[in-house]
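Peer 1: I have a structure I would like to understand better, so I am pasting it below and will then ask my questions one at a time.
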Amino acid sequence: MADHRSARKLAPAAAALALLVAVTGCSFGGSDAGPGPTGEGESGAEIFPDSVVAPLIDALPERTVAELPEARLAEGLLPPTNRWFSGLVFGEDSMPVFPLPLSFQLTDGGFELGVPNVTTAPKVIMGGFVGHVGADIGADSHRVTAYDTASVTISQFDGDTELGATVIAQGSPFVHFTASEAVDVELRTAFTPDNSEGLWTAEIDGTTYGLVSEGSLSDTGTTLKLDGDQHASWFAVADGAELADFAEAARNPVTGTSLDYAVDAERVTTSIRYETEGDGETLFAALPHQHGALAGTTDCAAGSYSSVYGEMRLCAGDTLSWSAPLLEPSGELDLSGLDDEQRAELAGQVEADVASSLPFAEDTYFGGKSLYRSVNLMSVARQVGADDAADELKDRLVRQIGEWMEPGGCEVRDVQCFVYDAEGKGIVGLMPSFGSEEFNDHHFHYGYFLYAAGVVAADDPDLAQEWAPVMNLLAADLATSGESSYFPELRVFDAYGSHSWASGTSPFGDGNNQESSSEAVTAWNGLALWATASDQPELLTAATSMLSAEADSARAYWTDFPLDDPIYEGFDHTITSLVWGGKRDYATWFSAESSAMLGIVVLPISPVSGYLGVDPDRVRANLEDSAPDGFDVLFGDYLLMYSALEGPDAAAEAIDIARTLSDERIDDGNSRAYMLAWLMVEAGQKG
C-alpha cells in the first residue's frame with residue numbers, strides 16, 4: 001500500500017472550497033455574522049443546495065459499497081432512507097408502516113389500514129400493524145411518487161397504467177385515494193350508509209371507521225365505483241370524537257405537509273402544516289410529547305387515540321405546532337470551579353490516559369468515537385494546565401481528522417476515508433460498520449466526527465477551512481434542507497416524532513427504529529459545533545432545533561416517560577431502550593445485560609448530557625432498574641457519570657468509585673480523566 005498521507009487531493013479540494021465560499025459567502029471561521037451560540041433563528045434557508053454541494057462531491061471518489069434493496073420508488077426521487085416509511089419502499093416485500101394514529105400496509109392489489117391494538121408486557125409495549133380495513137384497487141404494483149416532511153404519496157399501477165394515488169401522513173387519521181381513471185375498489189369489510197350523503201361507516205373491534213367519497217357504493221357495501229379524479233377517504237374516528245367532524249374533514253383531503261422551526265433564547269418551536277385540497281380544516285393527532293407544549297391556537301380537545309407512545313390527542317386546524325426547551329450546544333465542560341488539588345489530579349490522569357491511548361480506529365463508528373475520546377481529553381488537559389498533553393492530543397487529532405478529510409483518500413486506501421454513493425445518494429465511510437454502507441446509523445457515526453472537528457477548529461479558522469470540503473458533506477448527508485439532487489432532505493430526522501430513525505431501509509414488520517437516542521443527541525450537538533466553527537448560521541439554527549427536539553423526545557419515550565400513564569401498566573422497567581414505529585422494547589441489538597439497556601440511551605455522556613437529569617428521582621429509578629448491583633458492568637463508566645445527575649452528593653460519591661473503576665469498564669469513547677472531570681463538575685466540589 002502506498003503512503004496515503006502523501007496522496008491528498010489538495011487542488012480539487014481547494015477549488016471546491018473556493019467555489020463554496022464564493023457561492024455562500026461563508027468564511028469558515030472568524031465572522032461575527034449569524035446567530036449567537038444558541039443558534040437563534042428560524043427555518044427558510046436552503047442548507048447545502050446543489051450549487052454548494054456539487055463541487056465538493058466532484059472531488060470525492062464515487063462508489064456504491066452496498067446496493068440498496070429493490071425500491072418501489074418513482075424515477076427521479078431520492079431514496080428515502082432512514083424514514084418512518086422506508087419499509088414501505090425498500091425490499092421485495094413491502095412492510096407495514098405507522099403513520100400514527102393509523103398503521104398502514106400495501107397489499108398485492110391495494111392497501112390495508114387500522115388503528116393498532118396496544119398491549120403491554122413486562123419487556124415490550126406492542127402496537128403492531130392491524131388491517132381492519134382493506135381496499136383492493138386492482139393494482140399489480142405500487143410506487144412512491146412523492147414524499148415530504150410527514151406525508152407519502154403512493155401510486156397504484158396496473159402494468160404501466162396508473163389507477164390512482166394514495167396519500168398517508170403522520171398524525172393524520174385519514175387515508176386518501178384519488179382515482180386516475182375509472183376503477184372498482186373492492187372493500188374487504190362492508191360499509192353501511194350513514195345519514196349523510198357520501199358517508200359510510202363500519203364498526204370493527206370497537207373502532208368506528210368511515211368512508212367518504214363522491215363515488216357509489218354497492219348495495220353489499222363492498223364495491224366502491226370511482227370515476228377518474230374522484231376521491232375516497234377512509235378514516236378512524238377517535239375515542240370521544242364526533243363522526244360528523246371526520247366526515248367534514250375528509251372532504252378536505254391532505255395532499256402534503258411542510259415544516260417550519262424557530263429557535264429563541266428559551267424554546268425551540270416546530271410547526272408541521274397539513275396542506276389540503278379544500279379550504280376547510282383537517283384533523284390530526286398530537287403525540288404525548290407535544291401535548292403540554294402546543295403552540296398557537298390549535299384545538300386539541302376533540303378526542304384521543306391509544307398508541308405505543310401513549311395517548312394521542314385529536315386536534316383540528318391546519319398546523320400542528322409545539323415547542324421544546326432549548327438545549328444549547330456545547331463541546332466543553334466548564335472546569336473553572338475546580339480547585340488546585342482537583343486540577344492536579346486531572347492533569348496527572350490526563351497524562352496517564354494519553355500514554356495508554358490506543359491507535360485511532362479505522363472504521364466510521366469506532367473511528368469517530370476515538371476522535372471524540374481524544375478531543376474531550378484535550379479539552380480537559382487544556383483547562384487544567386496539562387499543556388504538553390493538550391498539544392500532543394491536538395497534533396494527533398489534526399493529523400487524524402485531516403486524514404479522514406482527504407477528499408481523494410479512498411483512491412489510495414480502503415479505510416479512514418469517504419466516498420459518495422450516487423445510487424444511495426449519500427456519503428459512505430470506509431471501512432463501514434454496523435451497516436453504515438446501507439445507510440444505517442449515519443448520524444451516530446458522523447456526529448462524532450462533526451463534534452471532534454467542531455471542538456478542534458473552534459479557535460482555528462484555517463483548520464475549519466481545510467476540513468470543510470469533506471466535513472460539510474458529512475453534515476449534508478444528515479442535514480440537507482430544501483431541494484437537492486445529492487442528498488435526501490433531513491435524512492434521519494423525523495420532525496413529527498421529534499427524533500431520528502437509525503435503520504437505512506427498515507426491513508421490519510414494526511417499522512423503523514432507533515436505539516441510542518443519546519448518540520442522536522450527540523450527533524446534533526456535533527453538527528451545531530461544526531456549524532459554529534465553520535461559520536454557517538443557518539446550519540447552526542437547524543442543528544440547535546434538532547438537538548433540542550431530540551433531547552425532548554428522548555426523555556418522553558426512552559428515559560423519562562410518565563410511569564403512571566396507563567400504557568405502562570404491566571411494563572416492568574423504567575426505560576424503553578429500543579423504540580420502533582409499532583412497538584417499544586426493553587432490549588438492545590447487542591446485549592441482554594440490564595446495564596446495556598440504560599447505557600445505550602445515555603452514552604456518550606457529553607457536555608450537553610444534563611438533559612438526562614431533569615428528574616433526579618428518575619435517574620435513581622433508572623439506575624436501580626438497570627444497574628442495581630453497582631457499576632462493575634457493561635457501560636459502567638457511563639452509568640456512573642449518569643448517577644451524578646441525581647445531585648451533588650451522588651456525584652461526590654461517584655468520584656471515589658471512578659478512581660478505582662476497572663479499566664475494562666471504561667468505554668473506548670471515554671477516558672478516566674474525562675469521567676472524573678464530569679463528576680467533579682456535577683459534585684460542585686470546592687476542596
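Peer 1: Considering only lysines 8 or more places apart in sequence, or on different chains, count the pairs in the chain whose C-alpha atoms sit under 24 Å apart.
Peer 2: Details: Lys9/Lys394; Lys9/Lys425; Lys123/Lys583; Lys369/Lys394.
Eligible lysine pairs with Cα atoms under 24 Å apart amount to 4.
Peer 1: Can I ask one more? Test of the criteria: in region 465-510, which GluC sites (Glu not before Pro) are in a DSSP loop and have at most 14 other Cβ atoms within 10 angstrom of their Cβ? Let's see the in-between values first.
Peer 2: On the way: sites: Glu466, Glu483, Glu489; in loops: Glu483, Glu489.
When the GluC sites (Glu not before Pro) of region 465-510 are filtered for loop state and at most 14 Cβ neighbours within 10 Å, Glu483 remain.
Peer 1: Let me know the charge dipole size of region 423-485 about its Cα centre in debye, to the nearest 20, where only the beta-carbon of Lys, Arg (+1) and Asp, Glu (-1) is charged.
Peer 2: Details: 1 positive and 10 negative charges, 21 e Å.
That gives a dipole near 100 debye.
Peer 1: With Cβ to Cβ distances under 13 Å as the rule, what net charge do the other residues near Ala190 carry (K, R +1; D, E -1)?
Peer 2: Values: positive: Arg188; negative: Glu186, Glu203, Asp219.
Once positives and negatives cancel, what remains is -2.
Peer 1: Angle, helix 672-683 long axis vs. longest principal axis of the chain, Cα atoms, 0 to 90°, nearest 10?
Peer 2: 70 degrees
Peer 1: Give the residue list of chymotrypsin sites (Phe, Trp or Tyr not before Pro) in region 446-531 that are DSSP loop and have at most 15 other beta-carbon atoms within 10 angstrom. Provide the component values of the computation, followed by the final result.
Peer 2: Details: sites: Tyr446, Tyr448, Phe449, Tyr451, Trp467, Tyr486, Phe493, Tyr496, Trp501, Phe508, Trp524, Trp530; in loops: Tyr486, Tyr496, Trp501, Phe508.
Of the chymotrypsin sites (Phe, Trp or Tyr not before Pro), not one in the loops of region 446-531 has a Cβ with at most 15 other Cβ atoms within 10 Å.
Peer 1: While we're looking at this one, here's another question. So how much slack lies between Ser180 and Trp589, counting 0.36 nm per residue of separation and subtracting their Cα-Cα distance, in nm?
Peer 2: 142.9 nm
Peer 1: Let me cross-check Glu186: its accessible surface, 1.4 Å probe, with only protein heavy atoms counted, in Å² to the nearest 10?
Peer 2: Taking all protein chains as shown, Glu186 has close to 80 Å².
Peer 1: Something else: Rank these by accessible area, largest first, 1.4 Å probe: Ser271, Ser606, Ser196. Mind showing how you got there, number by number?
Peer 2: Details: Ser271 25, Ser606 0, Ser196 55 Å².
Accessible-area ranking of Ser271, Ser606, Ser196, largest first: Ser196, Ser271, Ser606.
Peer 1: So how many Å³ per residue does the convex hull of the Cα atoms of region 51-132 work out to?
Peer 2: 175 Å³
Peer 1: How large is Rg over Rh for region 175-227, taking Rg from the Cα atoms and Rh as the Kirkwood inverse mean of 1/r across Cα pairs?
Peer 2: Working: Rg = 10.9 Å, Rh = 11.5 Å.
Rg/Rh for region 175-227 comes to 0.95.
Peer 1: About its Cα centre, how strong a charge dipole does the chain have in debye, to the nearest 20, once Lys and Arg get +1 and Asp and Glu get -1 at the Cβ?
Peer 2: Value, rounded to 20: 760 debye.
Peer 1: Further question on the same structure: Taking 0.36 nm per intervening residue step and subtracting the Cα-Cα distance, what contour gain separates Arg659 from Glu423 on full extension? All intermediate terms of the calculation are to be shown ahead of the outcome.
Peer 2: Details: separation 236, 0.36 × 236 = 84.96 nm, distance 4.96 nm.
80.0 nm is the gain from fully extending Arg659 to Glu423.
Peer 1: Okay, moving on. Taking a virtual spin label 7 Å from the Cα of Ala121 along the C-beta vector, which residues in region 583-613 bring their backbone nitrogen under 16 Å of it?
Peer 2: The answer is 583-588, whose backbone nitrogens lie closer than 16 Å to the label point.
Peer 1: Sort Cys417, Cys300 by accessible area with a 1.4 Å probe, largest first.
Peer 2: Values: Cys417 0, Cys300 25 Å².
Ranked list, largest accessible area first: Cys300, Cys417.
Peer 1: Something else now. As a test of understanding, state the convex hull volume per residue of region 556-621 from its alpha carbons, in Å³.
Peer 2: Working: hull volume 6.9 nm³, N = 66.
Each residue corresponds to 104 Å³ of Cα convex hull volume.
Peer 1: Report the chymotrypsin sites (Phe, Trp or Tyr not before Pro) located in region 587-656 that are in a DSSP loop and have at most 15 other Cβ atoms inside 10 Å of their Cβ, or state none.
Peer 2: Trp589, Phe590
Peer 1: Still on this structure, please answer the following. Sorted from largest to smallest, which semi-axis lengths in Å does the alpha carbon gyration tensor of region 522-666 give for its equivalent ellipsoid, taking the root of 5 times each eigenvalue?
Peer 2: Numbers: eigenvalues 134, 91, 41 Å².
They are 26, 21, 14 Å, listed largest first.
Peer 1: Extension gain Asp615-Glu67, at 0.36 nm per residue separation less the Cα-Cα distance, in nm?
Peer 2: On the way: separation 548, 0.36 × 548 = 197.28 nm, distance 4.45 nm.
Gain in length upon complete extension: 192.8 nm.
Peer 1: Relative contact order of the chain, please, whole-number percent, based on alpha carbon pairs below 8 angstrom and at least 6 residues apart.
Peer 2: 17 percent
Peer 1: When the Cα centres of region 65-80 and region 607-644 are compared, how far apart do they sit, in Å?
Peer 2: Using only Cα atoms to place each centre, the spacing works out to 41 Å.
Peer 1: Report, to the nearest 10°, how far helix 537-554 tilts away from the longest principal axis of the Cα atoms in the chain, using its own Cα long axis and a range of 0 to 90°.
Peer 2: So the helix axis and the longest Cα principal axis differ by about 70 degrees.
Peer 1: Ok, one more. When a/c is below 1.5 the answer is rounded, else prolate if a/b is larger than b/c, else oblate, so apply that to region 429-489 with a ≥ b ≥ c taken from the square roots of the Cα gyration tensor eigenvalues.
Peer 2: Oblate, since a/c reaches 1.5 and b/c is not below a/b.
Peer 1: Tell me, what is a quarter of the convex hull surface for the C-alpha atoms of the chain, in nm² with one decimal?
Peer 2: One quarter of the hull surface, i.e. the mean projection, equals 29.2 nm².
Peer 1: Continuing with the same structure: Any idea what angle helix 10-24 forms with the longest principal axis of the chain, computed on alpha-carbon atoms, 0 to 90 degrees, nearest 10?
Peer 2: Helix 10-24 and the main axis of the chain meet at about 60 degrees.
Peer 1: Give me the compactness ratio for region 139-217, meaning the Cα radius of gyration over 2.2 N^0.38 Å.
Peer 2: Numbers: Rg = 14.1 Å, N = 79, 2.2 N^0.38 = 11.6 Å.
In units of the 2.2 N^0.38 Å rule of thumb, it is 1.22.
The values are calculated or read from the model by the stated rules, or taken from the named source; none is laboratory data. The shown structure was predicted, so the numbers you read here are calculated from the model rather than taken from an experiment. Reconstructed Cβ throughout: ideal geometry from the backbone, glycine too, with neighbour counts over all protein chains shown. SASA here: full protein model, heavy atoms, side chains in, ligands and nucleic acids out. Shrake-Rupley method; radii C 1.70, N 1.55, O 1.52, S 1.80 Å.
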